[in-house]
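Colleague: Take a look at this one; I'll ask things after.
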Amino acid sequence: MKRLVVSILSILVCSIVLAQGKLEIFSWWAGDEGPALEALINRYTELYPNVQVDNATVTGGSGVNARAVLKTRMLGGDPPDSFQVHAGQELIGTWVVADRMEDLTFLYQEEGWLDKYPQGLIDLISTDKGIWSVPVNIHRSNVMWYNPAKLTEWGISAPETWAEFLTICPSLQAKGVTPLVMGENWTQQHLWESVALGVLGPDDYKALWTGELAFKDPKVEAVWNRFGEILKCSNDDAAGLSWQQATDRIVSGEAAFNIMGDWAAGYMTTTLGLTPAEGFGWAPSPDTGGVFMMLSDSFGLPIGIKDRDNTINWLKLLGSVEGQDLFNPLKGSIAPHFDSDLSKYNAYLQAAAQDWKTNTVVGSMVHGAAAKEAFMSQFATVLEIYLSTGSAQAASNAAQAIANQVNLGK
Ligand code: GAL
């Protein structure tokens, strides 16, 4: 027995010491989005001190810029060793169908992960040919953020419905406060899908992405009309704001509410040093109580990379309880791994973990989980059409045309 332990230990030590060379990790977690990833990389470097890690980032919330750079590299035959990608069609509809990813079923078997992740999440990253990435987190998309002290000062509380929000809106505007702050295009799409979930409810929201509910349906026109009413309560300079700058306006009290994923909680706790429920408050996006719109960041193993063994060690760390409990409390997300230790998480994240277990779960379209990548990547144009025409019909027609082109749901 003693001999067995000694030889296992020496194999382990040897493989750690022998690991050398490079590892390039490609993501959009730059600047103040970076601390959680950096914590993981530091741990990797402790485990594999002879591996030189290149933390390659392309700034831009939700990966709008990183995806374009990744495309050039993948098509040019220069894949990064591992890249950030949303669990779901964002990976499967692109680099899996193009045969550019390795099947990771072997790793799930070796690491015993098949029983350690929710089946729904494994399904999201799988096809009948394999499992294609390792999810590091679960983010919630449909969250409304605010500053509790400011709401008290203004004598309001977080609205549970958009109808309620629209009645509060004029009084805030009269005080010179922006009722709802938005940022650049993708953050407006983000708001749109939360409004869609609220207006349609979870079943019709899901039916939109499977193609069972047509964009031309009057129910979807009602979503655009509601969205238009909400936009009248938002800031004029949205196009020039990053999601962090929009969050800053909540904190300062220039604006009352913001709909954003819970990376905003990561930013407010890790970067701004605020305490959940004191420095910032949260509620489900109006009309979506009891529903958890999820998305997940994951990393895969491209075919033809230079540092395959180092990448597999990286994926092992990402998928481990240790890695996830290091990363997620800083990131503002929860761990998908069943053995995660919730005592390491703050009050916001403990509440999110509870909702994740008890709410109806739906996927985010904007963040790669719910719809074909070919549809998701063109939704920015649909939004622009709505913003320039103000016409629900024009936007719905555009969305339907794209859905038909890409065979949405097939
Ligand atoms: C999401 C991503 C999050 C966060 C956010 C803002 O798409 O899943 O982890 O990075 O974009 O950039």
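Table: residues versus (1) more than 30 Å from Thr271 (Cβ to Cβ); (2) touching a residue at least 12 places away in the same chain (Cβ under 8 Å); (3) not polar (S, T, N, Q).
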site	(1), (2), (3)
Lys331	no, yes, yes
Asp339	no, yes, yes
Ala347	no, yes, yes
Asn359	no, yes, no
Ala374	yes, yes, yes
Ala395	yes, yes, yes
Gln400	yes, yes, no
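Colleague: Ok, one more. Could you give me the residue pairs with C-beta distances under 6 Å whose first residue belongs to segment 142-158 and is in a loop (DSSP other than H, G, I, E, B), whose second residue is hydroxyl-bearing (Ser, Thr, Tyr) wherever it lies, and which are 6+ apart or on separate chains?
Modeller: Asn142/Ser194; Asn142/Ser285; Asn142/Thr288; Ala158/Tyr146
Quick grid of which residues meet (1) within 19 Å of the chain's Cα centre (by Cα); (2) free of Cβ contacts under 8 Å to residues at least 24 places away in the same chain:
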{"position": "Ala207", "(1), (2)": "no, yes"}
{"position": "Ala214", "(1), (2)": "no, no"}
{"position": "Ala239", "(1), (2)": "no, no"}
{"position": "Gln244", "(1), (2)": "yes, no"}
{"position": "Pro276", "(1), (2)": "no, no"}
{"position": "Gly279", "(1), (2)": "no, no"}
{"position": "Phe292", "(1), (2)": "yes, no"}
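Colleague: In segment 81-97, which residue that is in a loop (DSSP other than H, G, I, E, B) and in contact (Cβ under 8 Å) with a residue 24 or more places away in the chain is nearest to the ligand (Cβ to nearest atom)?
Modeller: Result: Ala87.
Colleague: Please enumerate the residues belonging to segment 243-281 that are more than 23 Å from Val195 (Cα to Cα), touching a Phe, Trp or Tyr at 6+ places or on another chain (Cβ under 9 Å) and of a type in the set (Ser, Thr, Tyr).
Modeller: Tyr267, Thr269
Colleague: Could you list all residues from segment 357-384 that are within 21 Å of Gly120 (Cβ to Cβ), away from the ligand (no atom under 16 Å from the Cβ) and part of a loop (DSSP other than H, G, I, E, B)?
Modeller: Result: Asn359, Lys372.
Colleague: Something else about it: Which members of segment 215-247 meet the condition of being crowded, with 16+ Cβ neighbours inside 10 Å and not in a helix (DSSP H, G or I)?
Modeller: Matches in segment 215-247: Phe215, Asp217, Cys233, Ser234, Asn235, Leu241, Ser242.
Colleague: Could you grab me the full set of residues in segment 20-50 that are under 19 Å from Gly304 (Cα atoms), surrounded by 19 or more Cβ atoms within 10 Å (Cβ to Cβ) and either more than 23 Å from the chain's Cα centre (by Cα) or of a type in the set (Val, Ile, Thr) (or both)?
Modeller: Leu23, Ile25, listed by residue number.
One line per residue, one yes/no per condition, for (1) in a loop (DSSP other than H, G, I, E, B); (2) within 23 Å of the chain's Cα centre (by Cα); (3) more than 16 Å from the ligand (Cβ to nearest atom):
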| residue | (1), (2), (3) |
| --- | --- |
| Val53 | no, no, yes |
| Ser62 | no, yes, no |
| Asp99 | yes, no, yes |
| Gln109 | no, no, yes |
| Tyr117 | yes, yes, yes |
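Colleague: Residues to consider are Glu212, Glu193, Glu164; find the one that is part of a loop (DSSP other than H, G, I, E, B) and either within 23 Å of Asn359 (Cα to Cα) or at pLDDT 95 or above (or both).
Modeller: The match here is Glu212.
Colleague: Residue under question is Ile250, and the condition is that it be within 14 Å of Met182 (Cα to Cα), at pLDDT 95 or above and either touching a Leu at 6+ places or on another chain (Cβ under 6 Å) or surrounded by fewer than 20 Cβ atoms within 10 Å (Cβ to Cβ) (or both); does it hold?
Modeller: Answer is no for this residue.
Colleague: Out of the residues in segment 234-262 meeting the condition of being closer than 18 Å to Ser333 by Cα and among the aliphatic types (A, V, I, L, M), tell me which one is nearest to the ligand (Cβ to nearest atom).
Modeller: The residue in question is Met260.
The values are calculated or read from the model by the stated rules, or taken from the named source; none is laboratory data. Only a predicted model underlies this, so the values are computations on that prediction, with no experimental measurement involved. Cβ sites come from the backbone with ideal geometry, for glycine too, and all protein chains shown count toward neighbours.
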